[in-house]
1. Within region 246-300, how many residues are open to solvent by less than 50 Å² (accessible area, probe 1.4 Å), without any contact (Cβ under 8 Å) to a residue 40 or more places away in the chain and touching a helix residue (DSSP H, G or I) at 6+ places or on another chain (Cβ under 7 Å)?
2. Could you tell me which of the residues 34, 42, 30 is in a strand (DSSP E or B), more than 10 Å from the ligand (Cβ to nearest atom) and over 28 Å from residue 133 (Cα atoms)?
3. Could you list all residues from region 66-93 that are over 21 Å from the mean Cα position of the chain (by Cα), within 13 Å of the ligand (Cβ to nearest atom) and touching a residue at least 40 places away in the same chain (Cβ under 8 Å)?
4. Answer yes or no as to whether residue 55 is more than 30 Å from residue 127 (Cβ to Cβ), in contact (Cβ under 8 Å) with a residue 60 or more places away in the chain, crowded, with 18+ Cβ neighbours inside 10 Å and under 23 Å from the mean Cα position of the chain (by Cα).
5. All but one of (1) within 16 Å of the ligand (Cβ to nearest atom); (2) assigned to a helix (DSSP H, G or I); (3) more than 13 Å from residue 231 (Cα to Cα) hold for residue 308; state the number of the condition that does not hold.
6. Out of 43, 36, 10, 3, which single residue is touching a residue at least 40 places away in the same chain (Cβ under 8 Å) and open to solvent by 60 Å² or more (accessible area, probe 1.4 Å)?
7. Taking the stated definitions as given, is residue 51 in a loop (DSSP other than H, G, I, E, B), acidic (Asp, Glu) and within 24 Å of residue 298 (Cα to Cα)?
8. Take the residues of region 6-24 that are under 20 Å from residue 81 (Cα atoms) and assigned to a loop (DSSP other than H, G, I, E, B): which is nearest to the ligand (Cβ to nearest atom)?
Amino acid sequence: MSTTGVAGFTLGGGLGHLMRGCGLACDNLLAARLVTADGRDLTVSDADNSDLFWALRGGGGNFGVVTTLEFQLHPVGPILLGGGISQPLSAARQTLRFYREFTGGAPDALIVYANLGTGPDGTPRLGMRAVFNGSIEAGKEALRELRAFGSPIADDIRPRSYLEIQRLVDPNFPPGRLNYWKAHFLDDLSDELVDLTIEALKRAPSRLSAIALEPMGGSVARVGANATAFSHRSAAYSFLILAGWEDAHQTEANVAWARDLWERVRPLAAPGVYVNYLGGEGEQRVREAYGPNLDRLVEIKRRYDPENFFRMNQNIRPA
Ligand SMILES: Cc1cc2nc3c(=O)[nH]c(=O)nc-3n(C[C@H](O)[C@H](O)[C@H](O)COP(=O)(O)OP(=O)(O)OC[C@H]3O[C@@H](n4cnc5c(N)ncnc54)[C@H](O)[C@@H]3O)c2cc1C
C-alpha cells in the first residue's frame with residue numbers, strides 16, 4: 001500500500017513485503033526524535049532514552065509526537081519479481097492447503113500473501129501476491145511450484161520496480177469506500193480454518209470484501225517477544241477480515257459479516273492482535289494488542305506522559 005503513512009505504521013510494528021527477510025519496520029528503526037507531552041524534544045535510540053526507544057517500537061503514538069525517523073537501509077532491487085496469481089474459488093481449499101506447506105518452507109526473501117475475494121471480473125477467487133527480494137532468476141525458482149500448482153486463472157508475476165509492487169493493492173482501497181476491518185494472529189492455518197474462511201466469503205454481503213493472510217516468520221520471529229514493544233513474534237500469519245462496501249445502507253450487514261467471521265475464527269486464533277489493525281474494540285482488546293509488554297509500557301507511559309495527554313490512540317493508560 002503506497003498511501004498509508006510511515007510514522008503510525010512504524011510505531012505500531014510495520015508488517016510489509018520485506019518483513020520476512022528484513023524484519024518489521026520497527027526492527028529497522030535506528031533512532032527517532034520525539035516531542036513529549038511536556039514539550040521536550042528528545043532523541044531516542046539504543047544509546048539515548050532507550051526505554052522510550054523500546055516503547056516506540058510497537059507502542060504506537062502513546063508517548064509523544066515523532067518528528068524524525070531514522071531507518072536501517074537494505075539493498076532492494078530496484079527490480080524485483082512480484083505480482084499476483086489467482087485460482088478459482090472451487091480450487092481454494094486445495095490451494096490453501098498447498099499454500100500452507102509452501103509458505104511454511106519458503107525462504108525469507110519470499111513472501112506470498114493470500115486473499116480470498118472477488119476478482120476484477122466479478123468472480124470470487126483466491127488471489128496470492130508474491131514478492132521475492134533477490135535476483136529475478138532465484139525468484140522464479142522460489143515461485144516455480146506455486147505457479148505450477150493447479151490451474152491458475154491469472155498469473156501476472158513479473159519483474160517490477162519495488163514502487164510498483166508497493167502500489168499493487170492501492171486499487172483495492174480507493175478513497176470514499178466504506179471499510180470495517182477485524183484481525184487475528186494465527187499460529188497455523190488449520191483445515192478447519194481454511195474451510196471456514198471459504199464459506200464466509202460465499203456469505204459476504206459485498207463483493208468488495210476480502211479475507212487476507214499475511215505470512216510472518218523469518219526475521220520477524222528471530223527477535224524476542226520482549227526485545228521491542230511489538231510482541232507478536234511467533235505468529236505464523238496475520239489474518240485480516242477486510243469488509244468493504246459503498247452503500248451506507250449496507251453498513252450493518254457488512255459489519256455483522258466481519259464480526260461473525262471474527263468470532264468463528266477466534267477459537268482457532270493465537271492470542272493478541274496487531275495494534276495497527278485494531279479498531280475501537282474496547283479496553284480488553286487493547287490489552288491483548290500490547291500483550292506481555294503492557295506492564296512495561298505502562299511504566300514508561302507514567303514516566304513520559306503521566307497525564308495521558310496522548311490518548312487519542314490505542315491507549316496505554318498511565319494508571
Ligand atoms: C489500506 C490500508 C492498508 C494497510 N496495510 C498495512 C500493512 O500492510 N502493514 C501494516 O503494518 N499496516 C497496514 N495498515 C495499517 C497501518 O499500519 C496504520 O493505518 C498506520 O496507522 C498508518 O500510519 P499513519 O502514519 O498513516 O497513521 P495515521 O493514520 O496518520 O495515525 C494513526 C495513529 O498513529 C499514531 N501516529 C501517526 N503519526 C505519528 C507521529 N508522527 N507521532 C506519533 N504518533 C503518530 C497516532 O497514534 C495516530 O493516531 C494499513 C492500513 C490501511 C488503511
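The values are calculated or read from the model by the stated rules, or taken from the named source; none is laboratory data. Model, not experiment: these values are computed from the prediction. Here the Cβ is made from the backbone with ideal geometry for all residues, glycine too, and neighbour counts use every protein chain on show. Just the protein is used for accessible areas: all its heavy atoms, side chains included, with ligands, DNA and RNA removed. Shrake-Rupley method; radii C 1.70, N 1.55, O 1.52, S 1.80 Å.
1. Summing the residues that are open to solvent by less than 50 Å² (accessible area, probe 1.4 Å), without any contact (Cβ under 8 Å) to a residue 40 or more places away in the chain and touching a helix residue (DSSP H, G or I) at 6+ places or on another chain (Cβ under 7 Å) in region 246-300 gives 2.
2. Working: 34 fails: more than 10 Å from the ligand (Cβ to nearest atom); 30 fails: over 28 Å from residue 133 (Cα atoms).
The conditions single out 42.
3. 66
4. On the way: more than 30 Å from residue 127 (Cβ to Cβ): yes; in contact (Cβ under 8 Å) with a residue 60 or more places away in the chain: yes; crowded, with 18+ Cβ neighbours inside 10 Å: yes; under 23 Å from the mean Cα position of the chain (by Cα): yes.
Yes; evaluated as a whole, the condition is true for this residue.
5. (2)
6. 3
7. The answer is no for residue 51.
8. Residues of region 6-24 that are under 20 Å from residue 81 (Cα atoms), as a first pass: 15-23.
Still in the running and assigned to a loop (DSSP other than H, G, I, E, B): 15-18, 23.
On the way: 15: 4, 16: 6, 17: 8, 18: 11, 23: 12 Å.
The qualifying residue nearest to the ligand (Cβ to nearest atom) is 15.
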